[in-house]
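Student: Got a structure for you, written out below as structure tokens; questions coming shortly.
The values are calculated or read from the model by the stated rules, or taken from the named source; none is laboratory data. In this text the structure is predicted, and so the values were computed from the model without any measurement. All Cβ positions, even for glycine, are placed from backbone atoms using ideal geometry, and neighbour counts span all protein chains on display.
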Amino acid sequence: MNDVAVGAPRVVMSLDVVRPARRWPIRRRIRWSWPLLLVAGCPAGEDTPSEDSDPVLLAVIDGWERVTDPTRDVFFAVLPSDSPCDESGVGVEEFGLSFEVKTDLCNDVTVAQLTRTDLVAGDEIRIRTWHDVLQSPTPGEGYVGIALAGEIIWEVDVPIPSSYDTINADVVIDGDHPKGTELQFHVHNHGANSWNLLDLQRVPKGGR
């Protein structure tokens, strides 16, 4: 996992697609991984992190609402689209574990909600997403991104076709953002597929 300093060129996590660099005001650390369960103990004599260092939910899966006004949609300027969206394809999936976008019904959508806690410089936003097997009659790519306070802070392009995978990331925040700051989540897809946002968490600076 690498920290990307403010102003550095954007690195697109894709097998074969590289976009022109853009500058963002927030550093990013991106990792791709299959889900792992890690169990670790603290060596004798080492301080145990306090509860204040534990991750807390920044958003809830049933709190997202679709953004229909292009002037409010942070991603519209990057990926303008007028494709139709059946809202029955956007919402909490049947097991209630994640927010799902079914792109056979809605292949381009931005949703938003307000943060549930303050963010301060040095905190991280922990992002956990996954997609099902990505298919399309013709090759293309899918896109998923997160915006905070009107700025895109994380984005990934995924080639289609692709097998099932998770996309996990820790995004380091450079500025302070009070509770109630708007978050946006965007999916833009080529083909009939499924994308899921598991959760967004705030990890305090020096947390775990």
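Student: Which one is farthest from Arg128 (Cα to Cα) among residues in the range 142-151 that are touching a residue at least 60 places away in the same chain (Cβ under 8 Å) and within 10 Å of the chain's Cα centre (by Cα)?
Tutor: Ala147
Student: Answer yes or no: is there a residue in the range 181-192 that is β-branched (Val, Ile, Thr) and in a loop (DSSP other than H, G, I, E, B).
Tutor: So far as the range 181-192 goes, yes, one or more of its residues are β-branched (Val, Ile, Thr) and in a loop (DSSP other than H, G, I, E, B).
Student: Would you pick out the residues in the range 113-141 that are of a type in the set (A, V, I, L, M) and under 12 Å from the mean Cα position of the chain (by Cα)?
Tutor: If the condition is that a residue be of a type in the set (A, V, I, L, M) and under 12 Å from the mean Cα position of the chain (by Cα), then Ile125, Ile127 are the ones that fit.
Student: Is it true that Thr103 is farther than 27 Å from Thr71 by Cβ and hydroxyl-bearing (Ser, Thr, Tyr)?
Tutor: Criteria not met by Thr103.
Student: Report, by residue number, each residue of the range 97-107 that is in contact (Cβ under 8 Å) with a residue 24 or more places away in the chain and over 15 Å from the mean Cα position of the chain (by Cα).
Tutor: Leu97, Lys102, Thr103, Asp104, Asn107
Student: Give the residues of the range 156-195 that are within 10 Å of the chain's Cα centre (by Cα) and under 21 Å from Pro84 (Cα atoms), sorted by residue number.
Tutor: Those that are within 10 Å of the chain's Cα centre (by Cα) and under 21 Å from Pro84 (Cα atoms): Gln184, Phe185, His186, Val187.
Student: In the set Val60, Val74, Val144, which member is modelled with pLDDT of 95 or more, closer than 16 Å to Val203 by Cα and not polar (S, T, N, Q)?
Tutor: Val60 is the lone residue from the list that is modelled with pLDDT of 95 or more, closer than 16 Å to Val203 by Cα and not polar (S, T, N, Q).
Student: Name the residues in the range 67-116 that are hydrophobic (A, V, I, L, M, F, W, C), surrounded by 11 or more Cβ atoms within 10 Å (Cβ to Cβ) and in a loop (DSSP other than H, G, I, E, B), would you?
Tutor: Result: Val67, Val74, Phe75, Phe76, Val78, Leu79, Leu97, Leu105.
Student: While we're looking at this one, here's another question. Take the residues of the range 30-55 that are at pLDDT 75 or above and exposed (fewer than 14 other Cβ atoms within 10 Å of the Cβ): which is nearest to the chain's Cα centre (by Cα)?
Tutor: Within the range 30-55, the match that is nearest to the chain's Cα centre (by Cα) is Asp54.
Student: Okay, moving on. Filter the range 82-114 for residues that are more than 23 Å from Val133 (Cβ to Cβ), modelled with pLDDT under 95 and of a type in the set (Gly, Ala, Ser) and give the result.
Tutor: Passing the criteria: none in range.
Student: Could you look through the range 130-164, keep only residues that are in contact with a Ser or Thr (Cβ under 7 Å, 6 or more places away or on another chain), part of a strand (DSSP E or B) and of a type outside the set (D, E, K, R), and pick out the one that is surrounded by the fewest Cβ atoms within 10 Å (Cβ to Cβ)?
Tutor: Among them, the one singled out is Pro159.
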